[in-house]
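A quick write-up on the structure given underneath.
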Amino acid sequence: MKKHVNIPIFVPHMGCPNMCVFCDQHAISGVSCFDRSAAEKTVVEHLASVPPDVGCEIAFFGGSFTGTDRSLMIPLLDMAERYVADGRVSGIRMSTRPDYISPEIISILKRYTVAAVELGVQSMSDRVLSLSRRGHTADDSRRAFYLLGEASIPTVGQMMIGLPGSSREDETDCARAICDMGAVGSRIYPTVVFFNTELCRMTERGEYIPLSVEDAVSRSADVLTIFEERGVRCLRIGLHGVDDLRRDGKAMAGPFHPSFGELVTGECYRRAIERAADALLDGGKTPGAITVYVPRGDLSAAIGHRGANREYFFSRFGFKEIDFVEKDSLLRYNIVLEEKTGHRRK
């Protein structure tokens with residue numbers, strides 16, 4: 001598969017009249033205002049450093065792009081389309097709110113090479129959306145997916161873990177709904193408490209308890225498993241720029257671990273290996289040494305962050321030796337466990 005990169009143009013809060021309890025796009029993106037004249041400069045600078053064998057898309061992130069004033073949105077789309085026309089980028093993507101997708105917006109987007117619209121679904125529970133002051137409903141998400149699907153515009157569903165009032169079941173229901181609505185991709189974000197947000201004040205008053213890293217990893221792994229089983233590729237797990245958030249003191253609390261995505265993929269592999277090991281050892285003697293075959297490119301994820309999975313299996317099962325070996329024929333999160341004596345089970 002050809003490598004792909006986004007050329008990000010952050011448009012913080014523009015077009016969004018709503019202020020969700022968790023939201024601080026300035027902290028997340030590092031952009032406090034939007035310089036329209038700098039947008040094309042950003043594209044030119046990124047293209048100068050992108051190898052010719054890498055595919056590019058211009059991505060308008062950070063706000064509710066389709067809710068911006070048309071006097072800004074359309075010139076930005078025109079600028080991006082020029083780079084599509086000359087072959088330097090393959091398409092345009094954008095993030096927006098479900099309630100900012102309408103027939104009028106669809107008619108505009110169809111004039112451009114839109115590779116994907118990323119919808120901030122966040123939850124499919126109206127109760128959770130209300131507690132988060134999201135300003136839209138689950139039906140708004142369903143309608144947006146429908147309109148984009150009718151226009152054959154690929155859609156990515158973004159969702160959050162640990163929102164106020166959200167349960168593990170709410171989150172797995174949301175992941176299934178995103179799949180059912182026809183998403184071609186997904187993103188999973190843990191809820192982080194930023195200073196100077198309503199969620200920060202709710203936390204200080206004891207009205208909201210942030211998830212621990214461990215709980216957020218476990219719940220994200222539940223969601224990621226659903227996306228993988230349904231063939232919906234997860235584009236990202238966790239926030240961008242976590243090291244900057246920590247260094248700059250922008251985040252008050254919550255699971256803002258710098259390797260959050262790695263922890264989640266490691267948890268998925270831990271579960272898969274544990275199931276295989278339980279089956280292998282059912283009613284039998286613990287082998288001294290095993291080999292775990294994992295998909296090509298996922299060796300680090302299977303071993304776990306800082307070797308956590310390897311150490312867990314030494315402790316959990318009493319293995320004396322564990323080898324992790326890549327195998328081309330395996331799909332992601334599928335493993336084969338083999339005793340060194342040759343006994344093998346999937």
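Points worth noting:
- For the stretch 75-89, residues that are in contact (Cβ under 8 Å) with a residue 40 or more places away in the chain and not in a helix (DSSP H, G or I) total 2.
- The set of residues from the stretch 199-225 being over 18 Å from PHE260 (Cα atoms), out of contact with any strand residue (DSSP E or B) (no Cβ under 8 Å at 6 or more places or on another chain) and either surrounded by fewer than 17 Cβ atoms within 10 Å (Cβ to Cβ) or β-branched (Val, Ile, Thr) (or both) comprises ARG201, GLU204, ARG205, GLY206, GLU207, ILE209.
- Among the residues listed as SER300, SER315, the single one being touching a helix residue (DSSP H, G or I) at 6+ places or on another chain (Cβ under 9 Å) and surrounded by fewer than 18 Cβ atoms within 10 Å (Cβ to Cβ): SER300
- Test result for PRO98, farther than 24 Å from PHE10 by Cβ, touching a residue at least 24 places away in the same chain (Cβ under 8 Å) and not hydrophobic (A, V, I, L, M, F, W, C): no
- The residues on offer are GLY254, GLY307, and the sole one that is in the same structural domain as ALA216 (by TED's automatic domain parsing) and either in contact with an Asp or Glu (Cβ under 7 Å, 6 or more places away or on another chain) or not β-branched (Val, Ile, Thr) (or both) is GLY254.
- Hey, ASP248 surrounded by fewer than 19 Cβ atoms within 10 Å (Cβ to Cβ) and closer than 30 Å to ARG201 by Cβ or not: yes
- Selection status of GLY182, closer than 19 Å to SER123 by Cβ, outside the structural domain of PHE313 (by TED's automatic domain parsing), at pLDDT below 95 and out of contact with any Cys (no Cβ under 9 Å at 6 or more places or on another chain): no
- Unmet criterion (only one of (1) surrounded by fewer than 20 Cβ atoms within 10 Å (Cβ to Cβ); (2) touching a residue at least 12 places away in the same chain (Cβ under 8 Å); (3) assigned to a helix (DSSP H, G or I)) for ARG236: (3)
- Residue ID - farthest from MET19 (Cα to Cα), chosen from residues in the stretch 59-93 that are of a type in the set (D, E, K, R), touching a strand residue (DSSP E or B) at 6+ places or on another chain (Cβ under 9 Å) and modelled with pLDDT of 95 or more: GLU81
- Entirely in the stretch 240-317, the helices (runs of 4 or more DSSP H) that have 2 or more residues that are in contact (Cβ under 8 Å) with a residue 40 or more places away in the chain and touching a strand residue (DSSP E or B) at 6+ places or on another chain (Cβ under 8 Å): 260-281
- Test: VAL43 is in a helix (DSSP H, G or I) and of a type in the set (Val, Ile, Thr): yes
- Complete set of residues in the stretch 101-117 that are under 21 Å from THR42 (Cα atoms) and either out of contact with any Gly (no Cβ under 7 Å at 6 or more places or on another chain) or in contact (Cβ under 8 Å) with a residue 60 or more places away in the chain (or both): TYR112, ALA116, VAL117
- Per-region count, the stretch 91-121, residues outside any helix (DSSP H, G or I) and of a type outside the set (Gly, Ala, Ser): 15
- TYR83 being closer than 18 Å to VAL184 by Cα and assigned by TED's automatic domain parsing to the domain that holds PRO8: no
The values are calculated or read from the model by the stated rules, or taken from the named source; none is laboratory data. On a predicted model such as this, the values are computed, not experimentally measured, just so you know. No Cβ is skipped: glycine too gets one built from the backbone with ideal geometry, and neighbour counts run over all protein chains shown.
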